[in-house]
Amino acid sequence: MSLEGNYSPDEIEKKWYSYWMEKDYFKSVPDDREAYTIVIPPPNVTGVLHMGHMLNNTIQDILIRKARLEGKNACWVPGTDHASIATEAKVVKMLREKGIKKSDISREEFLKFAFEWKDKYGGIILEQLQKLGASADWSRTRFTMEEKLSKAVIEVFCDLHKKGKIYRGLRMTNWDPEAQTVLSNEEVIHTEENSQLFHVRYQIVDSDEYVTIATTRPETILGDSAVAVNPKDERYKHLHGKKVIVPIANRAVPIIADRYVEMEFGTGALKVTPAHDMNDYDIGQRHDLETIDVFNANGTMSEAAGFYIGKDRFEVRKLIVKDLKASGNLVEIENYRNKVGRSERTNAVVESRLTLQWFMSMKENSKEAYDAVNNGEVKFFPEHFQNMYNNWVKEENVRDWCISRQLWWGQRIPAYYIGDDIIVAPTPEEALQQAKEVTGNNDLTASDLRQDEDVLDTWFSSWLWPMSVFDGFESQEELAYYYPTNVLVTGWDIIFLWVARMIMAGYEYSEQLLGAEFVEKNGKFPFADVYFTGMVRDSKRRKMSKSLGNSPEALELIERYGADGVRFGMLSSGAAGNDIIFDAPHDEKTKKTLSESAKCQQGLQFCNKMWNGLKMLRGLEITTEKQSDEIENINQLAMKWIEEKYEETLAQIERQYETYRLSDSLMTLYNFIWNDFFSEYLELIKPAYAKKADGENKQLPLSQAAYDHAIDMYEKFMTILHPFMPFVTEEIWHQLRERKAGEDCIVSTYPKAKAYDKELIKKVDAAIAVISKVRSYRSERGIKSHLPLKLFIKNTEGAQVLLAEDGLKEAIAKRATIGEFTVTDSKDIPDTVSFVIGTEQFFLELPAATIDKVAELKKAKAELARLTGMEKGSLSKLGNERYVNNAPPQVVAGEKKKLADTQAKIEIAKEVIRKLG
RNA sequence: GGGCGAUUAGCUCAGUUGGUUCAGAGCACCUCGUUUACACCGAGGGGGUCGGGAGUUCGAAUCUCUCAUCGCCCA
């Protein structure tokens, strides 16, 4: 690969990814090393890569790559989720396009189509993750509905049933009329929507009087069984026990008194529809009311409604309003905002419906899950998600988990019915055997048993993921090595759907599978840490989604900026746990979000910067001859300093990793590489140009020692940066020097942080400040950067200490273009301006015409005022006994030092003013 | 209705148990520079009463209370 031109990621990324795959670097098999394990949050099998995946998987990849570099046995298990509702919906749609109706084919035929579909489109998202650089062990790719994992799900169902934790019952449930299945509470998204509140009057039986109720759902009037008022409500006391006529339906229903009714809401009278509202159902139970289900499964009006039969519920809302108006029973329509529950998957408005379903009791498991997080066995990052978690999982709030779904795509519930008996068994054969025992009839055959038609909730398979991907339910060999996993990286939106339930499964099964001794030693939890990523949002803070069209195309971003650039962009967009605002611009004309990003661009520019730095180093002439003392001194200082800076950076990054502050780590590293390594270090060692005898301007050579050192440093931070930007680092790693087989950045050694020399760093910081000050004067006065200037430093103890550092003086001279740099005892040097760095005073000689005495005086006076204020503050603090006695000694000592420094600076400022004025 | 979180520079955000110059970073912006790695660059610069108010403290961006605005979770 030539080093010409700018860095172009495309080819390089392809090359290294296939190289890593060939070398099997992502593969993990149990050995005697420490394991570092992450299981992927399995994306939907038919999904395509979106911004959320990129963020999430970038973070997982960083953690895995770092662990690998640290010599751990890093194992990242990829896979996909069968996503029953979403996938079934897609397959149904695909079949419809082929002219096939789901109702016309058998379960077996449907599943055949579904598996064909899955085989065709199922792997796409995983291939896309590879483009991002994900170093998952692809040989371990799992699927929640594959045979082994399904077997585990069925076993778990039977086991929990045996333990009495799974039961079947008739409950008010959430019904998705589009998918035509029941949903768990967690799959219903409640949002505020604009709607209307209809005031409808019901006539009192045998009276001219009416009672007016307010409802957002007039179409359910046909299912009314009562009108309820608050018992304390004076307005309606005279109506208790009377009856009213339900409009349209023309049925008489009782007026009942129930404390649930809020007197202030609407008219204070509530229509009660036990079949279609959770609260109404409860009222119905209390008052023994009739339950009239007026909807069919698909959300159209049922026979029981008696009117509008077969029409959709929202169409009926309009019709019924019209009819109510015509009969004079519509009193008022009020605009209103109310919470509407929609299906997470189909976005259909969810109906409450009384259905017979399978549930899992949450009582015991939720308590364990609560304790796990609250006693610190499982740690959340950021911590505050613990509050949200506790709120859901605590005993008084948690509700039983509805686990059956009226779908075909999923694990079929292993429950078999014969007469009134329910047999739960892992296989039909075992079910038959049990049925014979239960009924006492030995002549039963398989056809006498009817298996439950429903499948299990997708999450009922994903909650086992950290165990089932290691085949933990059939053999414990791998599980014992990889379990518990180290960290789970996921979005906070599935904290209840998934995270809480995996914790429950961990506590339910780890001991059962691995034994008491194992869990005693290693813990029952499925993961030690949970890193919650934020949601990726657009500039209006809306969640990025396909339907809104507000998301850039993930793959286009990778094409444009390279995976490294995109990883950089994702990471620098926001801190852990916070939602991240992704800065993709908007095309005003087409209203579309462009697949562009300034932050990803910055990432690509960073790659380019490193690329060009390498180019420069490689282009230098190298010599083994001894250089001038001046050059040797500068090089020595630069080398010493960058090593200390490197150690400082490393220590900082390590601290940030511990709390998963990965964006901070990347920025720390970015600053080190760009500012310290390139802008300071490399500029310090870079040889100057000199006129040769023939008049040609030629760059001097660089000493071999300095070159080798630069390459060493470069190599070191390639390893540190590798987890964040794997491709560019691997490429540069190989460009830095000839490599033997297997000597690759991805498997290089991550260094351990060491102590570093803070004093040296401070001294060089001061030197950099001097250089910056000189340049600032040049910039203000329009003095060319290559015109040498004279610089003086006042001879003090501090100055001696500073200049005792070999090379420091020369370094300042080189970087600030100082012709003469002299230590002076004089207080007054003509044609100079004076400035203070730290506590040292410097005088910079400038062309007389460029010195503005008035401005200098003004500056000096302002400085004096600032310093005097600071002195006053320090004096009052130190004069305060309570401060001196209460504040920690090092703080007081610091304050004393600050005062002394301030006072020294005040003297200098006064001196400067005296001279000028 | 119950709960959680946020409010710091034009934008996106840090600020680690209250304490050394703590008011920061990146981007954006302004000025200058086409010097020989990189204009996807270099040098320099401007910019915030830390949402308002009160309190605790020797000391508050940080702790407490309160108000305001915004976001989220669960009913």
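Quick notes on this structure:
Per-residue answers, yes or no, for (1) in contact with a Leu (Cβ under 8 Å, 6 or more places away or on another chain); (2) of a type outside the set (D, E, K, R); (3) at pLDDT below 95; (4) within 16 Å of RNA strand B (Cβ to nearest atom):
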| residue | (1), (2), (3), (4) |
| --- | --- |
| A:Val39 | yes, yes, no, no |
| A:Met51 | no, yes, yes, yes |
| A:Arg65 | no, no, no, no |
| A:Glu70 | no, no, no, no |
| A:Trp76 | no, yes, no, no |
| A:Ala83 | no, yes, yes, no |
| A:Lys93 | no, no, yes, no |
| A:Trp117 | no, yes, yes, no |
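- Those residues of segment A:259-286 which are touching a residue at least 12 places away in the same chain (Cβ under 8 Å), more than 18 Å from A:Trp175 (Cα to Cα), away from RNA strand B (no atom under 13 Å from the Cβ) and not β-branched (Val, Ile, Thr), in sequence order: A:Arg259, A:Met263, A:Gly266, A:Gly268, A:Ala269, A:Leu270, A:Lys271, A:Gly284, A:Arg286
- Contact map, segment A:777-789: residues that are near RNA strand B (Cβ under 7 Å from one of its atoms) paired with residues that are β-branched (Val, Ile, Thr) and in a loop (DSSP other than H, G, I, E, B), Cβ distance under 7 Å, separation 6+ or inter-chain. Pairs shown: A:Ser785/A:Thr817; A:His786/A:Thr817.
- Within segment A:602-632, considering residues that are in contact with a helix residue (DSSP H, G or I) (Cβ under 7 Å, 6 or more places away or on another chain) and among the small types (Gly, Ala, Ser), the one nearest to RNA strand B (Cβ to nearest atom): A:Gly613
- Residue in segment A:338-357 that is exposed (fewer than 14 other Cβ atoms within 10 Å of the Cβ) and either acidic (Asp, Glu) or in contact with a His (Cβ under 9 Å, 6 or more places away or on another chain) (or both) present: yes
- Some residue of segment A:347-354 being among the hydroxyl-bearing types (Ser, Thr, Tyr), out of contact with any strand residue (DSSP E or B) (no Cβ under 8 Å at 6 or more places or on another chain) and within 15 Å of RNA strand B (Cβ to nearest atom): no
- Among the residues of this structure, A:Phe525 does not count as one that is aromatic (Phe, Trp, Tyr) and within 16 Å of RNA strand B (Cβ to nearest atom).
- Any chance A:Ile908 is closer than 25 Å to A:Ile818 by Cβ and within 12 Å of RNA strand B (Cβ to nearest atom): yes
- Exactly one residue out of A:Tyr336, A:Tyr370, A:Tyr416 is in contact with a helix residue (DSSP H, G or I) (Cβ under 6 Å, 6 or more places away or on another chain) and assigned to a strand (DSSP E or B), and it is A:Tyr416.
- Unmet requirement for A:Gly782, which otherwise passes all of (1) at positive phi; (2) surrounded by 12 or more Cβ atoms within 10 Å (Cβ to Cβ): (2)
- Residue within segment A:227-245 that is touching a Ser or Thr at 6+ places or on another chain (Cβ under 8 Å) and buried (at least 21 other Cβ atoms within 10 Å of the Cβ) present: no
- One residue stands out among those in segment A:256-314 that are acidic (Asp, Glu) and within 45 Å of the chain's Cα centre (by Cα): the one that is surrounded by the fewest Cβ atoms within 10 Å (Cβ to Cβ), which is A:Glu264.
- Given (1) in contact (Cβ under 8 Å) with a residue 24 or more places away in the chain; (2) touching a Ser or Thr at 6+ places or on another chain (Cβ under 8 Å), index of the condition A:Pro847 fails: (2)
Residues are listed down the side, and each one gets a yes or a no for (1) surrounded by 14 or more Cβ atoms within 10 Å (Cβ to Cβ); (2) free of Cβ contacts under 8 Å to residues at least 24 places away in the same chain; (3) touching a Pro at 6+ places or on another chain (Cβ under 9 Å); (4) of a type outside the set (S, T, N, Q):
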| residue | (1), (2), (3), (4) |
| --- | --- |
| A:Asp24 | no, yes, no, yes |
| A:Glu34 | no, no, no, yes |
| A:His53 | yes, no, yes, yes |
| A:Ile64 | yes, no, yes, yes |
| A:Trp76 | yes, no, no, yes |
| A:Arg96 | no, yes, no, yes |
| A:Ile100 | yes, yes, no, yes |
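- The one condition in (1) without any contact (Cβ under 8 Å) to a residue 60 or more places away in the chain; (2) under 22 Å from A:Leu721 (Cβ atoms) that A:Arg541 fails to fulfil: (2)
- Number of residues in segment A:110-142 that are in a helix (DSSP H, G or I) and surrounded by 14 or more Cβ atoms within 10 Å (Cβ to Cβ): the value is 17.
- A:Ile685 vs. criteria within 38 Å of the chain's Cα centre (by Cα) and more than 9 Å from RNA strand B (Cβ to nearest atom): no
- Helices (runs of 4 or more DSSP H) contained entirely in segment A:755-827, each with at least 3 residues that are more than 24 Å from A:Ala688 (Cβ to Cβ): A:758-781, A:797-803
- Only listed residue being hydrophobic (A, V, I, L, M, F, W, C) and within 11 Å of RNA strand B (Cβ to nearest atom), chosen from A:Leu666, A:Leu650, A:Leu662: A:Leu666
- In segment A:797-817, of all residues being of a type outside the set (A, V, I, L, M) and in contact (Cβ under 8 Å) with a residue 24 or more places away in the chain, the one that is surrounded by the most Cβ atoms within 10 Å (Cβ to Cβ) corresponds to A:Gly807.
- Top-ranked residue in segment A:247-281 [being of a type in the set (A, V, I, L, M), on the phi < 0 side of the Ramachandran plot and not in a strand (DSSP E or B); ranked as modelled with the lowest pLDDT]: A:Met263
- Contact map, segment A:639-661: first residue closer than 13 Å to A:Phe717 by Cα, second residue at pLDDT below 90 and assigned to a helix (DSSP H, G or I), Cβ cut-off under 6 Å, separation 6 or more or different chains; the map is empty.
- The single residue among A:Glu437, A:Glu453, A:Glu477 that is closer than 22 Å to A:Arg412 by Cα, surrounded by fewer than 17 Cβ atoms within 10 Å (Cβ to Cβ) and not β-branched (Val, Ile, Thr) turns out to be A:Glu453.
- Restricting the first member to segment A:227-241 and to residues that are touching a residue at least 40 places away in the same chain (Cβ under 8 Å), and the second to residues that are small (Gly, Ala, Ser) and not in a loop (DSSP other than H, G, I, E, B), the beta-carbon pairs closer than 7 Å and six or more apart or on different chains are A:Val227/A:Ala269; A:Val229/A:Ala257; A:Val229/A:Ala269.
- Some residue of segment A:572-581 being out of contact with any strand residue (DSSP E or B) (no Cβ under 9 Å at 6 or more places or on another chain), closer than 30 Å to A:His734 by Cα, within 7 Å of RNA strand B (Cβ to nearest atom) and at pLDDT 80 or above: yes
Yes or no, residue by residue, for (1) within 16 Å of RNA strand B (Cβ to nearest atom); (2) of a type in the set (A, V, I, L, M, F, W, C):
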{"site": "A:Lys367", "(1), (2)": "no, no"}
{"site": "A:Asn375", "(1), (2)": "no, no"}
{"site": "A:Glu383", "(1), (2)": "yes, no"}
{"site": "A:Ala425", "(1), (2)": "no, yes"}
{"site": "A:Arg450", "(1), (2)": "no, no"}
{"site": "A:Asp454", "(1), (2)": "no, no"}
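The values are calculated or read from the model by the stated rules, or taken from the named source; none is laboratory data. Because the structure is a prediction, the values reported are computed rather than measured. Every residue, glycine among them, receives a Cβ derived from its backbone with ideal geometry; neighbour counts consider all protein chains shown.
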